[in-house]
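First up is the structure itself, then whatever we jot down about it.
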Amino acid sequence: MVFRRLGRTGLCVSEIALGTVELGLEYGIRTGAAPNKPDATDAELLLNKALDKGVNFIDTAADYGDSEEIIGRAIHNRRTEFLLATKCLHRLEEGFSCKASRSHIRASIDRSLSRLQTDTIDLIQIHGRDIVDVEKRMMQDGEVMDELEQARTAGKIRYIGYSSYSEEASLMAIHDGRWDTLQIAYNIFDQRAASRVIPVAQEQDIGLIIRSALLKGALTGKAKHLPPHLKILAEHTETLTRLTGSDYTLPQTALRFVLSNPSISTIIVGADRVSYLDEAVSVSDGAGLTPDILSMAQTMGLNDPNLINPRNWGIP
């Protein structure tokens with residue numbers, strides 16, 4: 001496993017991080033009648049295998065079903081071996097006032113600490129929303145950040161991050177100056193962050209955490225199971241597979257594409273099977289993509305939000 005610096009936090013994180021939404025919820029492209037969500041025994045096995053393979057960054061969220069409880073039960077006895085990141089909602093888009101949001105965040109952090117069976121969360125991230133005006137209000141009002149800083153002073157959390165869903169909100173967070181990390185979507189098909197967000201975050205020494213590197217399974221063999229209304233996306237995946245040849249599997253190509261950018265700190269890879277974890281970990285060898293494949297992959301970006309934003313797919 002290769003490790004990278006998580007921006008100004010100074011933390012040393014594995015290039016491949018384990019995302020756990022699949023452990024707590026039925027999530028992603030279905031390939032048959034069997035559920036994607038592993039049972040408790042398999043989930044515990046996967047978490048321990050991840051640590052055994054050198055993964056030292058685990059990402060979860062308060063609203064990922066029972067993923068926090070699963071993590072707490074499975075690996076609380078190995079707490080010194082990994083950095084723990086979770087998320088909470090500010091709920092301003094639901095009509096909460098900033099003061100009410102502050103109380104909600106305080107309660108959410110306390111619940112997460114209990115569920116995760118830990119005294120300290122290494123990184124708490126605010127789950128951003130698509131409504132830019134709401135995100136601007138959250139950052140400008142000060143209540144949310146004051147609550148996070150109070151939690152840090154109390155030793156409940158170590159660092160503060162923002163999980164963004166738009167370029168404008170990402171840039172606001174970067175220029176705000178108080179966020180230690182930024183989590184964004186970035187992959188071969190969704191390269192929108194490459195021109196502005198990633199370079200500016202690097203300039204400000206903000207740790208960049210990448211989600212959706214496999215585009216919720218569209219950059220894996222699961223693409224052939226996409227529903228009919230996403231046929232164009234499945235065809236784009238087939239084209240990518242033909243162009244990249246047989247040097248790597250499709251998921252390996254997708255992950256190596258992201259790791260070829262030295263500004264990236266770590267990729268959150270969701271895995272509900274040990275075999276998927278093995279494949280993801282195999283790319284962390286410092287090699288990235290060859291220049292010719294990287295150049296080709298850089299031409300494969302899409303701009304249609306109905307295709308590159310899984311929230312618009314209508315799939316859980």
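Annotations
- Taking the Cα atoms of the range 85-136, the ratio Rg/Rh between the radius of gyration and the Kirkwood radius comes to 1.01.
- Spatial separation of Cα centroids for the range 231-254 and the range 1-50, in angstrom: 22
- Relative intensity of the range 224-274 on a log10 scale, I(q)/I(0) at q = 0.21 Å⁻¹, equals -0.96, per a Debye sum over C-alpha point scatterers of equal strength in the absence of solvent.
- Using alpha-carbon coordinates, inclination of helix 143-153 to the longest axis of the chain, degrees: 80
- Ellipticity estimate at 222 nm from DSSP helix runs (n ≥ 4, -39,500 (n - 2.57)) divided over the chain, nearest 500: -11500 deg cm²/dmol
- Which of Gly128, Gly54, Gly28, positive extreme of dipole for the range 3-148 (C-beta unit charges): Gly54
- Each of His175 and Arg111 was given a label point 7 Å from its Cα along the Cα-to-Cβ line. The distance between the two points is 3.4 nm.
- Mean Cα-pair separation over length for the chain, i.e. relative contact order, pairs under 8 Å, 6 or more apart, %: 22
- Alpha carbon centroid spacing (whole Å) that separates the range 288-316 from the range 85-162: 30
- The C-alpha atoms of the chain define a longest principal axis, and helix 40-52 lies at about 90 degrees to it.
- Listed residues Asn77, Ala43, Ala154: farthest to the positive end of the dipole of the range 1-158 (Cβ charges): Ala154
- Estimated dipole of the chain in Debye, rounded to 20 [Cβ of Lys and Arg +1, of Asp and Glu -1, Cα centre]: 100
- For the chain, the longest principal axis of the C-alpha atoms and the axis of helix 231-244 are separated by about 70°.
- Size of electric dipole in the range 180-221: Cβ of Lys, Arg +1 and of Asp, Glu -1, about Cα centre, debye, nearest 20: 240
- If R0 is 41 Å, the Cβ-Cβ spacing of Ser282 and Glu93 corresponds to a FRET efficiency of close to 0.55.
- Only one item in (1) 63, 50, 37; (2) 108, 41, 33; (3) 52, 41, 37 matches Cα extents along the principal axes in Å derived from the coordinates shown, and that item is (3).
- Measuring r between the beta carbons of Lys224 and Ile131 and using R0 = 41 Å, the FRET efficiency lands at 0.75.
- In the range 175-244, Cα pairs under 8 Å separated by at least six residues give a relative contact order of 29 percent.
- Within a straight-line Cα-Cα reach of under 28 Å, Lys99 can be paired with the following lysines, leaving aside sequence neighbours fewer than 8 residues apart in one chain: Lys87, Lys136, Lys156.
Values quoted throughout were computed directly from the atomic coordinates according to the rules given, and no laboratory measurement underlies them. Note that the structure is a prediction, hence the values are computed from the model and not measured. Backbone-built Cβ (ideal geometry, glycine too); neighbour counts: all protein chains shown.
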